[in-house]
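*Asks:* Before we start, here is the structure in question, set down as structure tokens.
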Amino acid sequence: MYNVREWRHVFKLDPNKEIDDELLERVCESGTDAIVVGGSDGVTLDNVLELMVRVRRFPLPCVLEVSSLEVVTPGFDLYFIPAVLNTTEADWITGLHFEAMKEYGELMNPDELVVEGYCIANPECKAAKLTGALKRPDAEDISAYARLAGHLWKLPIFYLEYSGKYGDVKAAQKAADILSETKTTFFYGGGIKTAEQAKEMGQYADVVVVGNAIYDFPEEALKTVTAVKNSV
Ligand code: 1GP
């Protein structure tokens, strides 16, 4: 069984975006610790399955980040289940999770399920609009959400999500301090376009997530793996 605590870097691939075989091979052989399949828009069972089969040819963990019940399918190593800490809509905290347990609970292997406590810090991103996380948390709020995830709920993952926008490094540093005393793994994702940014966030986050840059700036995105792994 894979242990996210040992990871430093992951690439998040969007099933709704095109990636050719050559780039996919370079991404999967880059030394990244895992591929997370997930997105907020146009994610279907068909495009999830297609991407899973292509990633599966490579010997690294392949994770589905579940954004809707329709795309849940066997075949992934792990299933990341987001619970949005800073939403006002209960559906995104326990509502959809309850439906999933009711519908598929008996079929699921609990060892493969990993809850991510999401703090969505960029209210302009699609995930924020979709889940009703519309108030921008400041650094103090982010610290409180980190405590909520790490100290109170003791979740496996705290995910500071700035999707599409590079985040507040000081806030990440404070969250890292808080979570260093816990068993919660700190994921940072959002707006990483360069190796320098990856290295900067990699000083604080346990795991740095790189998404859009794979499609927009592939050469630079590939350099983020070594940058994170060399950051301390
Ligand atoms: C999105 O955190 C990930 O869920 C990565 O964000 O696409 O901005 O790299 P970017």
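*Asks:* Pop the C-beta distance of E22 and L107 into the FRET formula with R0 = 30 Å and round what comes out to the nearest 0.05.
*Replies:* 0.25
*Asks:* Compare the peptides 216-226, 21-31 by average per-residue count of other Cβ atoms within 10 angstrom and give them in order, highest first.
*Replies:* So the order, starting with the most tightly packed, is 216-226, 21-31.
*Asks:* Work out the charge dipole of the stretch 4-229 with +1 on the Cβ of Lys and Arg and -1 on the Cβ of Asp and Glu about the Cα centre, then indicate which of L51, W153, V37 is farthest towards its positive end.
*Replies:* Working it through, the farthest residue towards the positive pole turns out to be W153.
*Asks:* In addition: Carbon and sulfur together cover what percent of the accessible area of the stretch 92-163 at a 1.4 Å probe radius?
*Replies:* So the carbon and sulfur contribution to the accessible surface is 58 percent.
*Asks:* So, one more: What is the magnitude of the charge dipole of the chain about its Cα centre, with +1 placed on the Cβ of each Lys and Arg, -1 on the Cβ of each Asp and Glu, and no other charges, expressed in debye to the nearest 20?
*Replies:* Once rounded to the nearest 20, the dipole reads 640 debye.
*Asks:* What are the equivalent ellipsoid semi-axes of the stretch 4-229, built from the alpha-carbon gyration tensor (square roots of five times its eigenvalues), in whole angstrom, biggest first?
*Replies:* Square roots of five times the eigenvalues give 24, 22, 16 Å.
*Asks:* If you don't mind, there's one more thing I want to ask. How do 183-192, 33-42 rank on mean C-beta neighbours within 10 Å, highest first?
*Replies:* My ranking of the peptides, most packed first, is 183-192, 33-42.
*Asks:* Starting from the Kirkwood Rh over alpha-carbon pairs, what translational D in µm² s⁻¹ does the stretch 95-232 have by Stokes-Einstein at 25 °C and 0.890 mPa s?
*Replies:* It diffuses with D of about 156 µm²/s by this estimate.
*Asks:* What translational D, rounded to a whole number of µm²/s, comes out for the stretch 62-115 from Stokes-Einstein when the hydrodynamic radius is the Kirkwood one over Cα pairs, at 20 °C and 1.002 mPa s?
*Replies:* This corresponds to a translational diffusion coefficient of 185 µm²/s.
*Asks:* At 1.4 Å probe size, with the rest of the protein present, what percent of the exposed accessible area of the stretch 193-232 is carbon and sulfur atoms?
*Replies:* That share works out to 50 percent.
*Asks:* Hey, any idea what the orientation-averaged projected area of the convex hull of the stretch 116-187's Cα atoms comes to, in nm²?
*Replies:* Seen from a random direction, the Cα hull of the stretch 116-187 projects 4.2 nm² on average.
*Asks:* Ok, one more. K126 to Y2: extension gain in nm, 0.36 nm per residue of separation minus the Cα-Cα distance?
*Replies:* Stretched fully, the K126-Y2 segment lengthens by 41.7 nm.
*Asks:* Continuing with the same structure: Could you state, as a whole-number percent, how many of the C-alpha pairs of the stretch 1-75 are farther apart than 14 Å?
*Replies:* Across the stretch 1-75, Cα pairs with separations above 14 Å total 57 percent.
*Asks:* Now for a separate question. So what is the diffusion coefficient of the stretch 98-143 in µm² per second by Stokes-Einstein at 25 °C and 0.890 mPa s, using a Kirkwood Rh over Cα pairs?
*Replies:* The diffusion coefficient I find is 190 µm²/s.
*Asks:* I would also like to ask the following. Considering the zone a paramagnetic label at T88 would reach in this model (a point 7 Å from Cα along the Cα-to-Cβ line), which residues of the stretch 134-177 have amide N under 15 Å from it?
*Replies:* So the set is 134-137.
*Asks:* Please state, rounded to one decimal and in Å, the Kirkwood hydrodynamic radius that the stretch 152-208 gives when every pair of distinct Cα atoms enters the mean of 1/r.
*Replies:* Result for the stretch 152-208, one decimal place: 11.3 Å.
*Asks:* Using 7 Å Cα-to-Cβ label points, what is the F217/D138 separation (nm, one decimal)?
*Replies:* Taking the two extended label points, one gets 3.0 nm.
The values are calculated or read from the model by the stated rules, or taken from the named source; none is laboratory data. Fair warning: this is a prediction, and the values are worked out from it, not measured in the lab. When we count neighbours, we look across all protein chains shown, and the Cβ atoms used for this are built from the backbone with ideal geometry, even at glycine. Just so you know, the surface numbers come from the protein's heavy atoms only, side chains and all, with ligands and any DNA or RNA stripped out. Shrake-Rupley method; radii C 1.70, N 1.55, O 1.52, S 1.80 Å.
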